[in-house]
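Notes follow once the structure below has been shown.
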Amino acid sequence: MVTVRYKPLKSGKFSVYLDIYFRTSDQKSKRSYEFLSIYVHRDYSSSRIRIMEKDSENMKLIRAIRNKRETELNFSKHGYEKPNRPSLELLDYLKECLERRFNYKLECLIIHLGKYIRNKSFLISEVSEEFLSLFQDYLLLYVSQNTTHAYMSVFRQYYNKLLTRRIIDNSPFENWQPVKEVYLERERLTIEEVRTLANVHPDLGNKQIRQAFLFSCFTGLRISDVRRITYDHLIDGFIRFRPFKTPAKIVTVPVVEDVLKIIGEIPKHPINKKIFWGLPSTSQALNQHLKNWAREAGIKKNLHFHVSRHTFATIGLTFGIDLFTMKELLGHSKIEMTQIYAKIVDRKKEEEILKFPSL
């Protein structure tokens, strides 16, 4: 018999452990205890006690571990043996983590994992070094090397949380190495190229695509946020919004004169409050229009929508916006992400100084 117990702590929380009672092969009664290193805010010994929302994830893990131990105890001929890993569904665990705190990369990882295992039952205990290598090879068929590196890093992060909480005893990530992240020169436009594009008005196609791209060049918003921004987000000369990728963060971007001009060019929808209400639903259609526009303007660069965000960052840093301010404008969670743009600007300055005439 396996019973969940709760030990009160001075902090006010409760340490959860399993009280395991069984008979050995010689029919002697024996009791052992397994502390799970999981902590909750109430003693849930009584089924009548309502589980607090902040304890719900832990309680699911506790029940899963308890059920696993009970099953093993019933079928074991030699008494209780502690397993290496609980029988938790991999996708269920990752989805619970996503529900608790949104993470865009984790969401993408779950989608790709689901497709790879065909949404079939797959336990945490089945994750091995071989599985990681095969899944990584699968990712490389559909996303870039850097994106693959990012997804596998998120996979490692959430899997190893089980290790630190002693839900599992070892991790296949310990000796496994993901593909390395490679440096890629980010395509961006100079201020002169932005002006050139702004003076070209394509006769054909969706006019809001051009306006949205220029809007992003002056605000740094991703396409996911440009699609969602409404007039309600314009507050006292600023755009205040929660980014789609990091909804826990509030980003505030000043509305400069060029942005106001762009907004003024777009007719308001009679019902929809979105500023850019007429953009195509697919990135493919959006980026194809941008490439045609760049070709018409004589810009020989691979134009896609994210170039506008890179442009905002590099032009802003070039013209004196400090690194920490740019970090907040872009909504980055870490300064290291913004420093990538600073390195681009520094290299450009080095290239320009080499053109300085000698005495």
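Worth a mention:
- In this structure, VAL179 does not qualify as closer than 30 Å to PRO267 by Cβ, among the aliphatic types (A, V, I, L, M) and surrounded by fewer than 19 Cβ atoms within 10 Å (Cβ to Cβ).
- Annotation note: of ALA285, ALA297, ALA313, the sole residue that is surrounded by 13 or more Cβ atoms within 10 Å (Cβ to Cβ) and out of contact with any Leu (no Cβ under 7 Å at 6 or more places or on another chain) is ALA285.
- Being within 22 Å of LYS105 (Cα to Cα) and outside the structural domain of ASN160 (by TED's automatic domain parsing) is a property that does not hold for PHE213.
- Scanning the stretch 1-25 for residues that are at pLDDT below 80, loosely packed, with under 13 Cβ neighbours inside 10 Å and assigned to a strand (DSSP E or B) yields one hit, ARG23.
- All conditions but one from (1) closer than 21 Å to LYS327 by Cβ; (2) surrounded by 16 or more Cβ atoms within 10 Å (Cβ to Cβ) apply to ASN146; the one that does not is (2).
Rundown of residues vs (1) among the aliphatic types (A, V, I, L, M); (2) assigned to a helix (DSSP H, G or I); (3) closer than 24 Å to VAL200 by Cβ, yes/no style:
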position	(1), (2), (3)
GLY264	no, yes, yes
ALA285	yes, yes, yes
LYS291	no, yes, yes
ILE299	yes, no, yes
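- LYS334 being modelled with pLDDT of 80 or more, exposed (fewer than 11 other Cβ atoms within 10 Å of the Cβ) and in contact with a helix residue (DSSP H, G or I) (Cβ under 9 Å, 6 or more places away or on another chain): yes
The values are calculated or read from the model by the stated rules, or taken from the named source; none is laboratory data. It should be emphasised that the depicted structure is a prediction, and the values quoted were computed from it without experimental measurement. Cβ sites come from the backbone with ideal geometry, for glycine too, and all protein chains shown count toward neighbours.
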